[in-house]
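The values are calculated or read from the model by the stated rules, or taken from the named source; none is laboratory data. This structure is a prediction, so every number in the text was calculated from the model and none was measured. Note that each Cβ is placed from the backbone with ideal geometry, even for glycine, and that neighbours are counted across all protein chains shown. SASA here: full protein model, heavy atoms, side chains in, ligands and nucleic acids out. Shrake-Rupley method; radii C 1.70, N 1.55, O 1.52, S 1.80 Å.
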Amino acid sequence: MAAVVKLLRPAGTWSVVEVIDAQYGGILSDSASVLVPCRVYTISGGRVVSGGTTVDVRLSKSRGSWRVTATHPAQPGAPGARLSAAARQVLASDRISLPPASAADIRSGQVHDSVLTTMLQLATTYRIGISVVRSGHPLDVFGTNRPSDHPRGRAFDTWQIDGHPVVAPSTSRSLITSYMRAAESLGSYNVGGPYQLSGAAFFSDQTHHDHVHAGFQT
């Protein structure tokens, strides 16, 4: 993650970059997208200022080695003038952990209530760590020309459930699959994760071995 730290810690500043998670935005045989939500702490005027973003790191494979070819920081947009009740509740919830870019996405008013109400319902049963909502994600499903639900504010990714990373081998399979089924029961038409479940809404692939994706049509 040296490329991300270099990008987010400008020369001449006193700052620390905290990498919250790193997950695939997509992976092919010779190219990949890795999404890296971060918090950045900077000393300014004798005070510690907290900020951060999510960076879409693009990689290319050549002669058996991966190299960084581009870094794309999230662009959540300005805060919206009026937020829905669901948006305010998600932002205030102590059971939903949001990285800076995802919180900014919600404050922008560009995230559909279908996403927000599902987060709130899931949080009644689980403590959830969100990695990506709208910004910082590839515009198209990686390796295709099919628009992703993320940039349209119709999806969210979960990297942690009840304090357990989805990618960790020690995390209970039943915890992850129950979470995936709960997301589907709450209205997600497209639920991806590390395990293939029965049902038209579910899918699994190498990209989603490290997080649970929930997408919505409206």
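Among the residues of region 105-129, write down those that are part of a helix (DSSP H, G or I) and open to solvent by less than 60 Å² (accessible area, probe 1.4 Å).
As a first pass, look at region 105-129 and keep what is part of a helix (DSSP H, G or I): 105-107, 113-122.
Residues satisfying the conditions are ASP105, ILE106, SER114, VAL115, LEU116, THR118, MET119, LEU120, LEU122.
Going by the conditions given, is ILE43 out of contact with any Cys (no Cβ under 8 Å at 6 or more places or on another chain), of a type in the set (A, V, I, L, M, F, W, C) and modelled with pLDDT of 95 or more?
On the way: out of contact with any Cys (no Cβ under 8 Å at 6 or more places or on another chain): yes; of a type in the set (A, V, I, L, M, F, W, C): yes; modelled with pLDDT of 95 or more: no.
It is false that ILE43 is out of contact with any Cys (no Cβ under 8 Å at 6 or more places or on another chain), of a type in the set (A, V, I, L, M, F, W, C) and modelled with pLDDT of 95 or more.
Tell me, which residue of region 44-84 that is touching a strand residue (DSSP E or B) at 6+ places or on another chain (Cβ under 7 Å) and of a type in the set (S, T, N, Q) is least open to solvent (accessible area, probe 1.4 Å)?
Among them, the one singled out is THR54.
Please work out which one of (1) within 17 Å of the chain's Cα centre (by Cα); (2) surrounded by fewer than 22 Cβ atoms within 10 Å (Cβ to Cβ) is the condition HIS211 fails and give its number.
HIS211 satisfies every listed condition except (2).
Quick test of your reading of the structure: ASP149 fulfils all but one of (1) part of a loop (DSSP other than H, G, I, E, B); (2) under 18 Å from ILE106 (Cα atoms); (3) in contact with a His (Cβ under 6 Å, 6 or more places away or on another chain). Name the failing condition by number.
Of everything listed in (1) part of a loop (DSSP other than H, G, I, E, B); (2) under 18 Å from ILE106 (Cα atoms); (3) in contact with a His (Cβ under 6 Å, 6 or more places away or on another chain), ASP149 misses just condition (3).
Restricting attention to region 78-93, does a residue exist that is among the charged types (D, E, K, R) and part of a loop (DSSP other than H, G, I, E, B)?
Narrowing region 78-93 to residues among the charged types (D, E, K, R): 82, 88.
When the remaining residues are screened for being part of a loop (DSSP other than H, G, I, E, B), the result is 82.
Yes, region 78-93 contains a residue that is among the charged types (D, E, K, R) and part of a loop (DSSP other than H, G, I, E, B).
Could you list all residues from region 151-199 that are open to solvent by less than 10 Å² (accessible area, probe 1.4 Å), of a type in the set (Phe, Trp, Tyr) and in contact with a helix residue (DSSP H, G or I) (Cβ under 6 Å, 6 or more places away or on another chain)?
PHE156, the sole residue that qualifies.
How about region 88-104: which of its residues are closer than 18 Å to ASP149 by Cα and surrounded by 22 or more Cβ atoms within 10 Å (Cβ to Cβ)? Even if it seems obvious, please write down each step before you answer.
In the first step, residues of region 88-104 are kept if they are closer than 18 Å to ASP149 by Cα; the result is 101-104.
Within region 88-104, ALA101, SER102, ALA104 qualify.
Out of HIS164, HIS208, which single residue is modelled with pLDDT of 95 or more, touching a Pro at 6+ places or on another chain (Cβ under 9 Å) and within 25 Å of SER33 (Cα to Cα)? It would help to see each step written out before you state the result.
Values: HIS164 fails: touching a Pro at 6+ places or on another chain (Cβ under 9 Å).
Answer to the check: HIS208.
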